[in-house]
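Colleague: First the structure, which I've put down as structure tokens, then a few questions once you've had a look.
Please treat every number below as a calculation from the coordinates, not as lab data. The structure presented is a predicted model; accordingly, all values stated were derived computationally and were not measured. Every residue, glycine among them, receives a Cβ derived from its backbone with ideal geometry; neighbour counts consider all protein chains shown.
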Amino acid sequence: MCTGRHEKLTRFLLQQAVIGFCFVALLLADNPATANTETKLELAVVYVGHDEEPLIPLSLLDEPAEGEGLMGVELGLNDNQTTGSFLGHNYTLESVLLPEGESLSENLSSKIAADSALVIADLRAESLLELADAYPNALIFNIRALDDRLRNADCRSNVLHVAPSRSMLADGLIQYLVWKRWDEIVLVTGRHEVDSLYADALKRAVQRFGVKIVEEKPWTAVPGARRSDSGHHSLQQQVPTFSRFKDHDVLMVADELDEFGEYLSYRTSEPRPVAGTQGLMGSAWHRSQEQWGATQIQRRFIKLAERFMTARDYAGWAAMRSIGESVTQTSSASSAELRDFLLSDNFNLAAFKGVPLTYRGWNGQLRQPVLVVGPRMLVSVSPQDGFLHQVSVLDTLGYDEPETGCEAFN
């Protein structure tokens, strides 16, 4: 008797399982978005970068970042495809690398639609402006150019800035110095234009937050071959002589091309921390970031690129995810509609920084915390406690709305 009942129960359960399976199959068949049997939206994204060799780091321990920027975009594409597969959204990515000195329009005329396009621009400032003016109906995401003028007088209404500005990075770093009460600094600036631009951002932050520059000095020497037998001897003599400064708390360095900044730590005349573009830095991203679930994106990126994620890679990922999130919420492929949504209060991006990220309506800059990092560890995250704002504490970083010179977003 027990055996018969057991067999009947088994048959009943199997029947219910088959019925349930058929019911689910019917639901999937009636719902193409869920079953991914029909593509409702095609999203073509164009990545535009410079055809260039990667920057060779000063330290032998840091390898050149091959495919910097683009690898982050590809990781974001993978994430978008995962979500899009359930919604009938299909994303494609075309990569265009611009040879040095060649016309931007000639290389892109067949790649970017005149009426509507989504473009991730891994370009320097002048090329970015050329792109924006050539394709006014495109929605362009800047993942590289840090220039503050692009968020002010030279802003363009069709450009959203995912990369932070130099002023945001400088403000984040100086806020930490204020919190530490390290309020007297020396500023050493390199010989390149980008070094001067970063130094200007530091000077603005210093004035804004009440820190004092006690001395400024340019670094004009071109360092010799550090791998020669006498390289370390010349540096050991040169840097202490160079660094005989007035009393100070921190030595700030502006060396964006990584020519000399790494040489200053442990060689200065007085034992002082080095900060700026080397030493203690403000950055959009860092390989040591593991808070707020960041470990998983770090691991996924390493698996994809076989190297650590850089700030440019992170900006590329965030740009692609901005596209994906806005498409998911609007079910639109129109660059104009996506732009309006991205600049609205309805958009926010979860991006492993502890707070949702949003775009500033007055200049298209992505609000985001600045990581204050050492060479191998996260030190702090700005905005620091005590820096308040009537709208968002993230607006204590960079140019605020009353300060902006951008009129294109009015």
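Colleague: Can you check how the C-alpha radius of gyration of region 147-230 compares to 2.2 N^0.38 Å, as a plain ratio?
Modeller: So the Cα radius of gyration is 1.35 times the expected 2.2 N^0.38 Å.
Colleague: So, in nm, how far is label Glu306 from label His389 when the simple model puts each one 7 Å beyond its Cα toward the Cβ?
Modeller: 4.1 nm
Colleague: In debye, nearest 20: dipole of the chain around its Cα centre with unit charges on the Cβ of K, R (+) and D, E (-)?
Modeller: Working: 37 positive and 55 negative charges, 330 e Å.
The calculated dipole for the chain is roughly 1580 debye.
Colleague: Under a straight-distance cross-link criterion of Cα-Cα below 24 Å, which lysines are reachable from Lys246, leaving out those fewer than 8 residues away in the same chain?
Modeller: Cα-Cα hits under 24 Å: Lys180, Lys203, Lys212, Lys217.
Colleague: Identify, among Pro136, Ala44, Leu97, the residue whose Cα sits farthest towards the positive end of the charge dipole of the chain, taking +1 on the Cβ of Lys and Arg and -1 on the Cβ of Asp and Glu, with the dipole about the Cα centre.
Modeller: Ala44
Colleague: Another question, then. Taking amide H atoms as placed 1.01 Å from N in the peptide plane, list the residues 5 or more away in sequence, or in a different chain, whose amide H sits under 5 Å from that of Ile213.
Modeller: Ile185
Colleague: Considering only Leu202, Leu187, Phe301, whose Cα is most displaced toward the positive end of the charge dipole of the chain, charges sitting on Cβ of Lys, Arg (+1) and Asp, Glu (-1)?
Modeller: Positive-most Cα among the choices belongs to Phe301.
Colleague: Right, another one. List the aspartates and glutamates whose Cα sits under 17 Å from the Cα of Lys40, skipping any in the same chain fewer than 8 residues away.
Modeller: Straight-distance partners of Lys40: Asp30, Glu325, Glu337.
Colleague: Calculated FRET efficiency, Asn90 and Gln296, Cβ-Cβ r, R0 25 Å, to nearest 0.05?
Modeller: 0.50
Colleague: In vacuum, with every alpha carbon of region 297-410 counted as one equal point scatterer, what does the Debye formula give for log10 I(q)/I(0) at q = 0.11 Å⁻¹? Two decimals, please.
Modeller: -0.44
Colleague: Each residue of region 173-182 in order: what ³J(HN,Hα) in whole Hz does its phi give by Karplus 6.51 cos²θ - 1.76 cosθ + 1.60, θ = phi - 60°, with x for Gly and Pro?
Modeller: Taking θ as phi minus 60°, the curve returns 5, 5, 4, 5, 4, 4, 4, 7, 6, 9 Hz for region 173-182.
Colleague: Still on this structure, I have one more. What residue among Ala315, Ala132, Ala170 has the largest mean-square fluctuation in a Gaussian network model of the chain, using Cα springs under 10 Å?
Modeller: Highest fluctuation among the options: Ala132.
Colleague: Next question, about the same structure. Binning at 5 angstrom from zero up to the longest distance, how are the C-alpha pair distances of region 156-295 distributed in percent?
Modeller: 2, 9, 18, 21, 18, 13, 10, 5, 2, 1, 0
Colleague: Right, something else. In terms of modelled amide H atoms, which long-range or inter-chain residues lie less than 5 Å from the amide H of Thr189?
Modeller: Lys217, Trp219, Ala254
Colleague: Moving to a separate point now. Given the options His286, His89, His50, which has the most mean-square fluctuation in a GNM of the chain, springs set between C-alpha atoms less than 10 angstrom apart?
Modeller: Its mean-square fluctuation being the largest, the pick is His50.
Colleague: Let me ask something else. Tell me the Kirkwood hydrodynamic radius of region 106-203 in angstroms, computed as one over the mean inverse distance between distinct C-alpha pairs.
Modeller: Kirkwood hydrodynamic radius for region 106-203: 15.2 Å.
Colleague: Work out from phi, with θ = phi - 60° and the Karplus expression 6.51 cos²θ - 1.76 cosθ + 1.60, the ³J(HN,Hα) of each residue of region 358-369, listed in order in whole Hz, and give x for Gly and Pro.
Modeller: In residue order, the calculated couplings are 9, 9, 6, x, 8, 8, x, 7, 6, 5, 6, x Hz.
Colleague: Using a Förster radius of 35 Å, what is the FRET efficiency between Arg191 and Arg376 based on their Cβ-Cβ separation? Nearest 0.05, please.
Modeller: Once rounded, the FRET efficiency stands at 0.80.
Colleague: While we're looking at this one, here's another question. Which one, Gly405, Ser380, Gly361, is farthest towards the positive end of the dipole of the chain when Lys and Arg carry +1 and Asp and Glu -1 on their Cβ?
Modeller: Going by the charge dipole, the pick is Ser380.
Colleague: With springs connecting C-alpha atoms under 10 Å apart, model the chain as a Gaussian network and identify which of Gly172, Gly49, Gly361 has the largest mean-square fluctuation.
Modeller: Gly361
Colleague: Could you give the dipole magnitude of region 168-283 about its Cα centre, charging the beta-carbon of Lys and Arg +1 and that of Asp and Glu -1, in debye to the nearest 20?
Modeller: With Lys and Arg at +1 and Asp and Glu at -1, about 240 debye.
Colleague: Further question: So what are the ³J(HN,Hα) numbers for region 201-211, from phi and the Karplus equation (6.51, -1.76, 1.60; θ = phi - 60°), rounded to whole Hz, Gly and Pro as x?
Modeller: Once θ is set to phi - 60°, the couplings for region 201-211 become 5, 5, 4, 5, 5, 4, 5, 5, 10, x, 8 Hz.
Colleague: Just the projected area, averaged over all directions, of the convex hull on the alpha carbon atoms of the chain: how many nm²? Show your work: numbers first, answer last.
Modeller: Working: hull surface 109.9 nm².
With every direction weighted equally, the projected area is 27.5 nm².
Colleague: Moving to a separate point now. 5 Å is the cut-off here: which amide hydrogens, built 1.01 Å from N in the peptide plane, fall below it relative to Ser334, excluding neighbours closer than 5 in sequence?
Modeller: Placed amide hydrogens put nothing under 5 Å from Ser334.
Colleague: Just for the chain, what percent of DSSP beta bridges are antiparallel, to the closest 5?
Modeller: Counting only bridges with both partners in the chain, antiparallel ones make up about 20 percent.
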